[in-house]
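Notes follow the structure.
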Amino acid sequence: MGYSLGLGLTNECNLSCAHCYRPTDGTFRLSLQDVRRICDSLPIGSANLGTGENGLHPEYNAVVEHLVGQDIKTSLTTNGYTVQVMPDPLLRSLSEVEFSFDFPTPREQDAFRGPGSWDLAMQAMERCRTLGVEITIISVMMRTNYQRLPQIARLAHERGANFRVNVYQAGEIGRLLHDL
Ligand code: SF4
């Protein structure tokens, strides 16, 4: 049993979603050396790579290799981009990949996250399924989508994914969140 580590290697992202809380006034990164130092300082049992899109970090693959090499159960949260830039063996080494969906249809999802975001996530989910990697769909519950959550749960079931709802997520845009 060890600590669960949440890592955001970079605030960079290929999308710019309305509800995102990442800073956009510069590029901020953790280095492989930073991650090594954390692993050397604390007993880490599991790690999740989350916000922004980790595959944009130049040392992303090396960071995953390091975590997995330390027997740390490592998961990724992604919009699909990072999955598509990972080699098969590295992707297979992840314990789980989580995909963010706010709406259950391509039209709604692309309107919220940007054109092509639905296809990107779907193709990446399919790649994980083909490689036998466990997948989860996560949704942030907002006043704009809370009535659509049953349809997203159905989508997850159809795609062989787990389903998780984040009822609270820190953000500066309260008009989208929890104002039910
Ligand atoms: S995909 Fe995630 S990290 Fe990227 S802008 Fe959207 S919410 Fe933010």
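The values are calculated or read from the model by the stated rules, or taken from the named source; none is laboratory data. Nothing here was measured: the structure is a model prediction, and the numbers come from that model. A quick note on method: Cβ atoms are made from the backbone with ideal geometry, for glycine too, and the neighbour counts reach across all protein chains shown.
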*Breaking point among (1) closer than 26 Å to ALA153 by Cβ; (2) within 16 Å of the ligand (Cβ to nearest atom); (3) among the polar types (S, T, N, Q), for SER95*: (2)
_Among the candidates LEU90, LEU94, residue that is touching a Leu at 6+ places or on another chain (Cβ under 7 Å) and at pLDDT 95 or above_ = LEU94
*Output the residues belonging to the range 5-40 that are of a type in the set (Ser, Thr, Tyr), in a loop (DSSP other than H, G, I, E, B) and within 15 Å of the ligand (Cβ to nearest atom).*
SER16, TYR21, THR24, THR27
*Would you please name the residue that is farthest from the chain's Cα centre (by Cα), looking only at residues in the range 41-72 that are part of a strand (DSSP E or B) and closer than 25 Å to LEU15 by Cα?*
ALA47
*Report yes if some residue within the range 41-64 is within 16 Å of the ligand (Cβ to nearest atom), farther than 26 Å from ASP110 by Cβ and at pLDDT below 95; otherwise report no.*
no
*Hey, can you tell me all the residues within the range 73-92 that are assigned to a helix (DSSP H, G or I) and in contact (Cβ under 8 Å) with a residue 24 or more places away in the chain?*
TYR81, THR82, VAL83, GLN84, ASP88, LEU90, LEU91, ARG92
*Determine whether MET142 is buried (at least 20 other Cβ atoms within 10 Å of the Cβ) and within 17 Å of HIS19 (Cβ to Cβ).*
yes
_Please go through the range 107-134 and give me each residue that is away from the ligand (no atom under 16 Å from the Cβ) and in contact with a Phe, Trp or Tyr (Cβ under 9 Å, 6 or more places away or on another chain), ordered by number._
ARG107, CYS128
